[in-house]
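Some notes on the structure that comes next.
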Amino acid sequence: MVLRLLALLALAASLLVGLSTAAHACSCADLSPAQAVEHADAVFTGTVTHVRAGEGMGGPRVHTFRADQVYKGLPAERFTVASSADSASCGYAFERGGRYLVFAASSPTGPVAEGVELSSTLCSGNVPVDPGTGPLRPGDEREAGHESLAGPVDAGLVKALGTPLPPVAAGETFPVKEPLRAEGGTGAGWGWIAGGAAAVLLLAGAFTAVALRRRRDARRR
């Protein structure tokens, strides 16, 4: 009788543990590539250069990426993205040295880390990809890992991503509507044009002054 009671208690305990785990497990809705891009504020491929553990119990991990192609958002060379340290809370385990297609958002509902605007989750659509620096192309392989956009890189994903921009040395990035203009590019060219126009005007003024002076001298004679 006692043994039967102990067995029933053990079974009940195991059921409670199982229910608790299921209740706290991360559940993601299936995303199409177009939906993943639409929901994100920054989309890029990049390599994880640094991972910082979150502060306190359950604090999010902070990942620093060296970007190689930027599909959405400011095309900076470095991104800092927070994600929960717990996979049950939909945290994505970005590994140092790995290259990923990252979908990050600035939504206040995501993991919060001081000084970090972007966050990403297991449900964002992140994909581990092969090492490299070029744009993703149909037929490229994906490395095995946690991902919500399963399968190889196909034409649908590439079309949804659009044409990427190479990163510009602009420090840490955050989502903006307008692309970044490279320093020393178009603005520098207009500076030279403006300077040349000013020089021409000065020369024209000098020649005009000399001509008027000669005309006055001729009249006096």
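Among the residues of the range 66-75, are any in a loop (DSSP other than H, G, I, E, B), among the hydrophobic types (A, V, I, L, M, F, W, C) and open to solvent by 30 Å² or more (accessible area, probe 1.4 Å)?
No, the range 66-75 has no match at all.
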Query - Hey, residue 136 open to solvent by less than 40 Å² (accessible area, probe 1.4 Å), within 23 Å of residue 164 (Cβ to Cβ) and within 13 Å of the chain's Cα centre (by Cα) or not - result: no
Report task. Considering (1) at negative phi; (2) modelled with pLDDT under 95, say which one residue 125 fails and leave the rest. Result -> (1)
Report task. Look at residue 63 and say whether it is at pLDDT 95 or above, buried (at least 18 other Cβ atoms within 10 Å of the Cβ), within 22 Å of residue 131 (Cβ to Cβ) and over 10 Å from the mean Cα position of the chain (by Cα). Result -> yes
Report summary line: For the range 76-95 the number of residues that are in contact with a Lys or Arg (Cβ under 8 Å, 6 or more places away or on another chain), in a loop (DSSP other than H, G, I, E, B) and surrounded by fewer than 21 Cβ atoms within 10 Å (Cβ to Cβ) is 1
Report task. Show the residue pairs that are 6+ apart or on different chains and have beta-carbon atoms under 8 Å apart, the first residue being within the range 114-132 and in contact (Cβ under 8 Å) with a residue 60 or more places away in the chain, the second being among the aromatic types (Phe, Trp, Tyr) and surrounded by fewer than 20 Cβ atoms within 10 Å (Cβ to Cβ). Result -> 118/174
Report task. Output the residue which, of all residues in the range 135-158 that are in a loop (DSSP other than H, G, I, E, B), over 29 Å from residue 85 (Cβ atoms) and in contact with a Pro (Cβ under 9 Å, 6 or more places away or on another chain), is modelled with the lowest pLDDT. Result -> 152
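Conditions (1) over 17 Å from the mean Cα position of the chain (by Cα); (2) surrounded by 17 or more Cβ atoms within 10 Å (Cβ to Cβ); (3) not acidic (Asp, Glu), marked per residue:
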position	(1), (2), (3)
116	no, yes, yes
130	yes, no, no
142	yes, yes, yes
146	yes, no, yes
152	yes, no, yes
156	yes, no, yes
161	no, yes, yes
Report task. Look at residue 104 and say whether it is part of a strand (DSSP E or B) and either among the aliphatic types (A, V, I, L, M) or surrounded by fewer than 17 Cβ atoms within 10 Å (Cβ to Cβ) (or both). Result -> yes
Query - Hits in the range 56-65 (condition: part of a strand (DSSP E or B) and either aliphatic (A, V, I, L, M) or touching a residue at least 60 places away in the same chain (Cβ under 8 Å) (or both)) - result: 62
Report summary line: Residues of the range 37-56 being surrounded by fewer than 17 Cβ atoms within 10 Å (Cβ to Cβ), modelled with pLDDT of 95 or more and of a type in the set (D, E, K, R), in sequence order, are 38
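The values are calculated or read from the model by the stated rules, or taken from the named source; none is laboratory data. Because the structure is predicted, anything quoted here is derived from the model rather than measured. Virtual Cβ from ideal backbone geometry, glycine too; neighbours counted across all protein chains shown. The protein model used for the area step is the full one, side chains on, heavy atoms only, and it has no ligands, DNA or RNA in it. Shrake-Rupley method; radii C 1.70, N 1.55, O 1.52, S 1.80 Å.
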